[in-house]
Amino acid sequence: QVQLVESGGGLVQAGGSLRISCVVSGSIFSIDGMAWYRQAPGRQREPVATITDDGSTTYRDSVKGRFTISRDNAKNTMYLQMDSLKSEDTAVYYCNAVGRANGWSVPSDYWGRGTQVTVSS
């Protein structure tokens, strides 16, 4: 069974920084793309940043220049460095990974349970 566990969320003042992490564990053969999503109260879940297995990244416009996604393939860990945080970044942040349980399986989507990030103004 594959598990994704986020950590590092918390309360921070506007303008501050946080780094959240996601560790993938369990029986997984390979991890392809990974991503961070977030969901604010009353809003739909939205993609924040993505990273491929070779390190190519994308960001939603509102976080470009402030957030940095990275991953350590040897540790099956993904990070999101969030700087210059704004109140509108307040949300539950979810880790997503697309991976294969074995060499012949089709890719599957895996999700963590989320970590709360609250930015006070």
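The values are calculated or read from the model by the stated rules, or taken from the named source; none is laboratory data. No experiment lies behind these values; they were computed from the predicted model shown. Cβ sites come from the backbone with ideal geometry, for glycine too, and all protein chains shown count toward neighbours. The accessibility values were calculated without ligands, DNA or RNA, using every heavy atom of the protein model including side chains. Shrake-Rupley method; radii C 1.70, N 1.55, O 1.52, S 1.80 Å.
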Name the residues in segment 80-101 that are closer than 18 Å to residue 25 by Cα and open to solvent by 40 Å² or more (accessible area, probe 1.4 Å), would you? 98, 100, 101
With the condition kept exactly as written, say whether any residue in segment 55-66 is in contact with a Leu (Cβ under 6 Å, 6 or more places away or on another chain), on the phi < 0 side of the Ramachandran plot and not in a loop (DSSP other than H, G, I, E, B). no
Per the filter on segment 1-17, residues surrounded by fewer than 19 Cβ atoms within 10 Å (Cβ to Cβ) and within 12 Å of residue 76 (Cα to Cα) are 2, 3, 5
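Specify the residue that is nearest to residue 26 (Cα to Cα); the eligible residues are those in segment 102-121 that are of a type outside the set (Phe, Trp, Tyr) and surrounded by 15 or more Cβ atoms within 10 Å (Cβ to Cβ).
First, pick out the residues of segment 102-121 that are of a type outside the set (Phe, Trp, Tyr): 102-103, 105-109, 112-121.
This time we only want the ones that are surrounded by 15 or more Cβ atoms within 10 Å (Cβ to Cβ), so: 112, 114-115, 117-119.
Values: 112: 13, 114: 18, 115: 20, 117: 26, 118: 30, 119: 32 Å.
Checked segment 102-121; the qualifying residue nearest to residue 26 (Cα to Cα) is 112.
Which of the residues that make up segment 10-45 are among the hydrophobic types (A, V, I, L, M, F, W, C) and part of a strand (DSSP E or B)? Steps first, answer last, please.
Step one: filter segment 10-45 for residues among the hydrophobic types (A, V, I, L, M, F, W, C), giving 11-12, 14, 18, 20, 22-24, 28-29, 31, 34-36, 40.
Of everything in segment 10-45, those that are among the hydrophobic types (A, V, I, L, M, F, W, C) and part of a strand (DSSP E or B) turn out to be 11, 12, 18, 20, 22, 23, 24, 31, 34, 35, 36.
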Quick check on my filter: what residues within segment 78-109 are of a type in the set (Ser, Thr, Tyr) and at pLDDT 95 or above? 79, 84, 87, 90, 93, 94
Given (1) open to solvent by less than 80 Å² (accessible area, probe 1.4 Å); (2) in contact (Cβ under 8 Å) with a residue 24 or more places away in the chain; (3) under 19 Å from residue 16 (Cα atoms); (4) in contact with a strand residue (DSSP E or B) (Cβ under 8 Å, 6 or more places away or on another chain), residue 68 misses just (2)
Filter segment 18-61 down to the residues that are open to solvent by 60 Å² or more (accessible area, probe 1.4 Å) and over 15 Å from the mean Cα position of the chain (by Cα), then identify the one that is modelled with the lowest pLDDT. 27
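Looking only at segment 80-109, count every residue that is assigned to a loop (DSSP other than H, G, I, E, B), among the aliphatic types (A, V, I, L, M) and either free of Cβ contacts under 8 Å to residues at least 40 places away in the same chain or under 18 Å from residue 5 (Cα atoms) (or both) and tell me the total.
Of segment 80-109, the ones assigned to a loop (DSSP other than H, G, I, E, B) are 83-86, 90, 101-107.
Now narrow it down to the ones that are among the aliphatic types (A, V, I, L, M): 85, 101, 106.
Filter once more, so that each one left must be either free of Cβ contacts under 8 Å to residues at least 40 places away in the same chain or under 18 Å from residue 5 (Cα atoms) (or both): 101, 106.
Adding up the residues that qualify gives 2.
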Just one of the numbered conditions (1) part of a strand (DSSP E or B); (2) more than 15 Å from residue 80 (Cα to Cα); (3) among the β-branched types (Val, Ile, Thr) is not true of residue 48; which one? (2)
Test set (1) closer than 26 Å to residue 119 by Cβ; (2) touching a strand residue (DSSP E or B) at 6+ places or on another chain (Cβ under 9 Å); (3) not hydrophobic (A, V, I, L, M, F, W, C) - residue 42 fails condition number: (2)
